[in-house]
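What follows is a single structure, written as structure tokens, with notes after it.
A short reminder: the numbers here are calculations on the coordinates, not readings from a lab. Quick caveat: nothing in here was measured; it's all calculated off a predicted structure. Neighbour counts are summed over all protein chains in view; Cβ atoms, including those assigned to glycine, are modelled from backbone coordinates with ideal geometry.
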Amino acid sequence: MLKLHGFAVSNYYNVVKAALLEKGLAFEEVLVYPSPALLDKSPMGKVPCLETAEGAFSESQVMLDYLEELQPEPRLYPADAFGRAKVRELLRVIELYLELPARRLYPEAFFGGQVSAETKAEVKADLAKGVTALARLGKFSPYLAGDRFTYADIAAVIHLPLVRDAGRRIYDEDVLAGLPGLADYLQRVRERSSIQRVMADYKAGLEDFMNNRGKRS
Ligand SMILES: N[C@@H](CCC(=O)N[C@@H](CS)C(=O)NCC(=O)O)C(=O)O
């Protein structure tokens, strides 16, 4: 059986977990936090990593591709090559130009640390560019890539609220305001049972994550 290593508060872990649930694949969750002990399964020591009968690998977007090949139905990429490229483009934009810049704010936004004024200014400019890119690409009608639910929606519903929350805490403003209709869109996608389950597990895992954070680092 597939084993998903990571923890329920990790947004990248949750993207893959929602994909496994959408695919209806059996999987086991292995609770681990990022650490050098993971290096044999995940070369950066990051989570998630996915363990298969043939071995383990890392990187959530690679896992999404793998799951689509392993179990083509229900399809979470469009059937045509161009449609798939457009969904992958959305996945990259969300990760590289929204989640990764926002991640630089997380130490102060969520963990009681401090982020310099310079970093805050850089991130704000980067996020503005990322939002413009996503506004150009995203259809939000009713789904991010158009009329079908895809992996892009899983990434959006999990990563974007985190980006927005970090922005609110640091700048006291909605950094995603340039994405019209986002609130309704997120509400629509959150109705899916896969996302409900991931959100419930997130809430249940949050206390343990915060309580043990000091002990881990
Ligand atoms: N590009 C990676 C990002 C994974 C990632 O950043 N995971 C975080 C947890 S949400 C992590 O392991 N952080 C620990 C670290 O950066 O060392 C993916 O898509 O899987």
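Observations
- Across the chain, C-alpha contacts under 8 Å between residues 6 or more apart give a mean separation that, scaled by the residue count, equals a relative contact order of 21 percent.
- Model label points for V115 and E207, set 7 angstrom from Cα along the Cα-to-Cβ axis, are 2.8 nm apart.
- Whole-Hz couplings from phi, Karplus 6.51/-1.76/1.60, listed for the stretch 10-27; x for Gly and Pro: 7, 5, 5, 4, 5, 4, 5, 4, 4, 5, 4, 5, 4, 6, x, 7, 6, 8
- Each Lys and Arg adds +1 at its Cβ and each Asp and Glu adds -1 at its Cβ; summed about the Cα centre, the chain shows a dipole of about 320 debye.
- Taking the stretch 81-193 and dividing mean pair separation by its residue count, relative contact order in percent (alpha carbons under 8 Å, at least six apart): 32 percent
- For L2, residues with placed amide H under 5 Å, excluding near neighbours: E28
- Cross-link check: pairs K17/K129; K3/K86; K3/K139; K23/K124 evaluated at a Cα-Cα cut-off of 31 Å; pairs beyond the cut-off: K3/K139; K23/K124.
- Shape box of the chain [Cα atoms, principal axes, largest first, Å]: 47, 45, 28
- Taking 0.36 nm per residue of separation and subtracting the current Cα-Cα distance, fully stretching the chain between Q196 and D147 would add 15.5 nm.
- Using only side-chain charges placed at the Cβ, +1 for Lys and Arg and -1 for Asp and Glu, the dipole size of the stretch 81-193 relative to its Cα centre rounds to 400 debye.
- Using a Förster distance of 41 Å, the FRET efficiency for D174-T52 (Cβ separation, nearest 0.05): 0.55
- Note, ³J(HN,Hα) from phi for the stretch 195-210, Karplus 6.51, -1.76, 1.60, rounded to Hz, x at Gly and Pro: 6, 4, 5, 4, 5, 5, 5, 4, 4, 5, x, 5, 5, 4, 4, 5
- Interatomic Cα distance distribution for the stretch 2-74, bins of 10 angstrom, percent: 21, 60, 18, 1
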